[in-house]
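What follows is a set of notes on a single structure, which appears directly below.
The values are calculated or read from the model by the stated rules, or taken from the named source; none is laboratory data. Small disclaimer: the values here were computed from a predicted structure and weren't measured. We place every Cβ from the backbone using ideal geometry, glycine too, and count neighbours over all the protein chains shown. Note: accessible area is taken over every heavy atom of the protein model, side chains too, but ligands, DNA and RNA are not part of it. Shrake-Rupley method; radii C 1.70, N 1.55, O 1.52, S 1.80 Å.
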Amino acid sequence: MRRAALGVVLALLTRAVMAPAQAQEGFDWPLPDWMPRPPVPEDNPMSAAKVDLGRHLFYDARLSGDGTVACASCHDPARAFTDGRDRAVGIHGTVGNLNAPSLANVAYLPVNAWANPHMTSLEFQALVPLFGEAPDEMGATGQEARIFATLAADPYYGKAFAAAFPDRRDPDLFTVTRALAAFQRSLMSFDSPYDRFKYGGDLDALSEAAKRGEQLFFDHRFECYHCHQGVLFTDNFQREGSPWVEIGFHNAGLYTEYPASAPGRIEITGVPGDAGLFRTPSLRNVAVTAPYMHDGPIPDLRGVLAHYARGGREGPRQSGWHDRRLSGVRGGKPRHHRLSAQPDRRDLPDQPRLAAPWLDDHPARINRADL
Ligand code: HEC
Ligand code: HEC
């Protein structure tokens with residue numbers, strides 16, 4: 001993030017200390033009873049009004065510098081809030097360095113980036129796409145006053161900001177980032193056939209082939225579960241009331257040398273051993289989040305499995321930094337896995353409460369020709 005963005009960050013932090021009273025009513029977590037709630041920051045309690053405001057903002061292209069890019073441009077509900085591209089494309093067609101991750105169950109992730117271990121708040125994270133300049137995503141830097149005035153003039157927002165933030169009422173960085181974060185915390189996805197099989201006691205919810213796949217996934221020879229573990233299939237997890245969080249970064253053997261454009265956690269920490277380390281992604285909804293990995297070089301799940309079967313993209317010998325648990329590496333020779341890629345039913349895109357709220361001819365609509 002560049003200097004201008006740093007300025008707004010400081011303003012935001014200053015304001016966070018003086019959090020005004022906010023409505024807390026009316027929000028029900030869309031969670032099955034076996035799933036604990038995620039943590040929610042004290043200065044941004046959930047409310048139905050705030051989540052609905054956040055949904056409108058999330059789909060509103062007027063938050064960008066030229067009115068063409070919304071959060072949903074890169075986080076599309078039909079793809080579990082990813083974009084189908086290898087690397088994200090922002091304002092003016094700027095191609096970034098990283099793949100847009102899914103936002104499903106994002107409230108449970110203690111770190112909200114592929115490689116930045118300090119990105120630990122959704123409220124803060126929203127500033128990156130809005131104001132980040134390397135790469136440009138929404139290009140809002142310097143346009144804040146105009147953007148907030150446009151929002152304030154919209155009849156929906158006039159009422160919605162007042163309902164979500166009764167003491168504050170106006171669109172500004174404080175309210176916009178908090179409403180976006182509240183909406184994102186509501187993006188839950190725990191109703192897959194696997195969930196019904198594993199946690200709901202419905203033994204018929206999975207096919208026999210999928211049950212065999214589950215056994216392989218949790219088989220020590222394949223090691224997948226060491227990193228893709230727990231209810232989210234990642235070793236990154238936080239929940240309400242828990243004093244600790246799990247954070248897992250690993251080198252999944254994508255490259256021998258990681259390029260300067262996306263070098264891994266070393267970019268932030270400067271520690272040489274952090275080269276090529278990326279946060280383990282959740283595998284929920286993975287059937288609809290292609291292409292895969294932090295910069296999207298693998299187009300399908302078959303390719304991901306072939307990658308692991310080889311013990312890394314270049315094979316075990318060439319890539320010295322690989323995590324030793326990559327299954328192909330064990331025993332020194334690539335193994336021929338009997339893993340197969342069985343797409344799961346997608347449950348996220350079917351939920352109307354998460355869908356785009358704006359009518360076709362409304363100026364909030366994303367209107368980039370390529371989308
Ligand atoms: C131009 C495409 C693009 C736009 C527009 C965009 N994002 Fe993203 N988003 C990305 C990419 C790429 C990443 C990965 C960034 C990283 O890891 O450093 C990301 C990461 C995230 C994450 C972290 C997810 C996780 O797995 O922890 C969140 C949350 C997020 N974006 C929310 C938003 C919000 C809110 C907006 C609108 C204000 C937005 N994004 C707009 C491309 C985009
Ligand atoms: C050593 C930890 C580790 C092991 C073992 C591991 N993974 Fe991964 N996995 C990761 C990391 C880290 C990434 C992201 C790597 C990157 O983008 O550079 C990843 C990425 C993926 C992705 C891409 C997800 C996305 O959204 O882009 C899939 C799918 C996947 N792994 C499946 C598996 C399977 C199947 C196995 C077992 C054969 C496995 N993983 C074993 C750590 C691991």
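Going highest first, how would you order 294-303, 171-180, 355-364 by mean Cβ packing within 10 Å? Walk me through the numbers on the way to the answer.
Details: 294-303: 17.0, 171-180: 24.5, 355-364: 13.6.
Taking the mean over residues of other Cβ atoms within 10 Å, the ranking is 171-180, 294-303, 355-364.
I'd like the carbon and sulfur percentage of the solvent accessible area for region 211-274, probe radius 1.4 Å, heavy atoms only, ligands and nucleic acids excluded. Can you show the working numbers first?
Working: 1830 of 3320 Å².
After summing per-atom areas, the C and S share lands at 55 percent.
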Original post:
Once amide H atoms are placed 1.01 Å from N in the peptide plane, what residues at a sequence separation of 5 or more from residue 76, or on another chain, have their amide H within under 5 Å of its amide H?
Top reply: 81, 82, 83
Subject >> Whole-number D in µm² s⁻¹ for region 114-258, Kirkwood Cα-pair radius fed into Stokes-Einstein, 20 °C, 1.002 mPa s >> reply: 110 µm²/s
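Could you size up the charge dipole of region 37-196 around its Cα centre, putting +1 on the beta carbon of Lys and Arg and -1 on that of Asp and Glu, and report it in debye to the nearest 20?
Values: 14 positive and 19 negative charges, 68 e Å.
Approximately 320 debye in magnitude.
What ranking, highest mean first, results for peptides 134-145, 196-207 when packing means the other Cβ atoms within 10 Å averaged over each residue? Kindly include the intermediate steps, with their values, before the conclusion.
Details: 134-145: 18.3, 196-207: 13.9.
Per-residue mean Cβ counts within 10 Å order the peptides as 134-145, 196-207.
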Subject >> Cross-link partners of residue 159 among aspartates and glutamates (Cα-Cα below 17 Å; sequence separation of 8 or more within a chain) >> reply: 25, 52, 60, 167, 170, 172
**OP:** Using per-residue counts of other Cβ atoms within 10 Å, averaged over each peptide, order 45-57, 221-233, 279-291 from highest down.
**Re:** 45-57, 279-291, 221-233
Subject >> Candidate aspartates and glutamates for bridging to residue 211, where Cα separation is under 18 Å - those fewer than 8 sequence places away on the same chain excluded >> reply: 191, 195, 202, 219, 223, 344
Original post:
Which value, in Å², gives the accessible area per residue of region 41-111 when a 1.4 Å probe is used on the protein heavy atoms?
Top reply: 27 Å²
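Roughly how many debye, to the nearest 20, is the charge dipole of region 167-281 about its Cα centre, given +1 on each Lys and Arg Cβ, -1 on each Asp and Glu Cβ, and no other charges?
On the way: 12 positive and 17 negative charges, 30 e Å.
Once rounded to the nearest 20, the dipole reads 140 debye.
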Original post:
Gap in Å between the Cα centre of region 244-290 and the Cα centre of region 154-204?
Top reply: 27 Å
**OP:** Taking the Cα centre of region 61-150 as origin, work out the dipole magnitude from +1 charges on Lys and Arg Cβ and -1 charges on Asp and Glu Cβ, in debye rounded to 20.
**Re:** 140 debye
